[in-house]
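The values are calculated or read from the model by the stated rules, or taken from the named source; none is laboratory data. Since the structure is predicted, the reported quantities are computational estimates derived from the model, not experimental observations. Because the Cβ atoms are built from the backbone with ideal geometry, glycine has one as well, and the counts that use them run over all protein chains shown.
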Amino acid sequence: MIITIASGKGGTGKTTVAASLAISLAAEQPPPPLFLDCDVEAPNAHLFLHPKLDKQQDVALLIPSVDETRCTHCGKCAEVCQYHAITVLGQKTLVFPQLCHGCGSCAALCPEKAITEIPNRMGILEHGLGRDGVAFARGVLNLGEPMAVPVIRHLLAWAQPASGQVVLRDASPGTSCPVVATIRGSDYLLLATEPTPFGLHDLRLAAQVAAKLGIPAGVIINRENSPYPDMDAFCAEKRLPVLLRIPFKRAIAEGVAQGKTLLDIHPEYGDCFRQVFRHISRRL
C-alpha cells in the first residue's frame, strides 16, 4: 500500500503528519513502513525520524554535448527539442543544461552523429534506518538545479519496499509537477490542511489533482482552534472524509519546533493515526 501525504500549501504540518503516521505504524506490526521524503528541494523529514544514512547514489541526467568538428549546424537538433535546450546561432550550437529534460532526441536524430550524451549530476539519493525501525530514503536536489522531477522519479524507482511493507511518501507542498510525480501510483492521498481561507483555497487545488488522477483522498485538519464551516462544507461536498483534527496548542508547536513527532508530544496520537490507517485500509 502506498500512501502519499501532501498539502496544497506549505506550513500545514504535512511532514509532521507523515512522520507521526510512520512512527505509529512502526509500533503496530512488522515490517515498519518505508518512508520516502520526496520534497527533494527542501527535505526535512530526517529532523523527525533521525535516520542513519548509510547508502547513497548520485542522480544524473544525460545532456547533449556537441562535437563542433563534426557539426554542420543544420539545426535539426534545435527543431526536435521541445524544451529549447539546444539552439543553433550561425556557426555555433549552444546547449542549455538547465532546460534539458534528457529525452535524447537531439543525439538520436543528428545526421552527422555530432551529439553525444554526458551525465549531468543534479542530486543525490540517500537511504538508511530511522527511529523505531522505519526504513528511510530521500532525494536531495543540488542547489540551483531547476528540475526536481528527475530526482523524485529516481528515488521512487531506487527505494523499493519489502513484501507487505507500507510506503509513505512525503510530497512537496503545492500542486506543481514534483507533487504530481510523487502522487502518481499512490493508493491513497492524505491532504494536510489548516482551517484558514488560504488553507481552504489550496485544499481545493489539491483535491482537484487527486480527482484528476483518480486517487481516493482524505483530509487531516491541523492547528484547529475553532470551527471553520466553509472547510467542513467543502469536504462534505467533495466527499473528502476528515480523518483527524489536530488542535492549535502551544505544547504541540513547541514540540514540533524541537523535532518531536505528535506521538512524542501526546502519546495518545499513536491510536489516532492507527485509526486513520485502518480507515484507509477499509477504504481500499
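One line per residue, one yes/no per condition, for (1) assigned by TED's automatic domain parsing to the domain that holds V88; (2) outside any loop (DSSP other than H, G, I, E, B); (3) touching a strand residue (DSSP E or B) at 6+ places or on another chain (Cβ under 6 Å):
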site	(1), (2), (3)
G11	no, no, no
T16	no, yes, no
P32	no, no, no
P43	no, no, yes
T69	yes, no, no
Residue list for region 234-284, filter: among the aromatic types (F, W, Y) and over 15 Å from L190 (Cβ atoms)
F234, F248
Does V95 satisfy the condition of being within 22 Å of the chain's Cα centre (by Cα) and hydrophobic (A, V, I, L, M, F, W, C)?
no
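Per-residue answers, yes or no, for (1) over 21 Å from V256 (Cα atoms); (2) out of contact with any Leu (no Cβ under 7 Å at 6 or more places or on another chain):
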{"site": "D39", "(1), (2)": "no, yes"}
{"site": "H50", "(1), (2)": "no, yes"}
{"site": "Q57", "(1), (2)": "yes, no"}
{"site": "P64", "(1), (2)": "yes, yes"}
{"site": "T69", "(1), (2)": "yes, yes"}
{"site": "H73", "(1), (2)": "yes, yes"}
{"site": "E79", "(1), (2)": "yes, yes"}
{"site": "Q82", "(1), (2)": "yes, yes"}
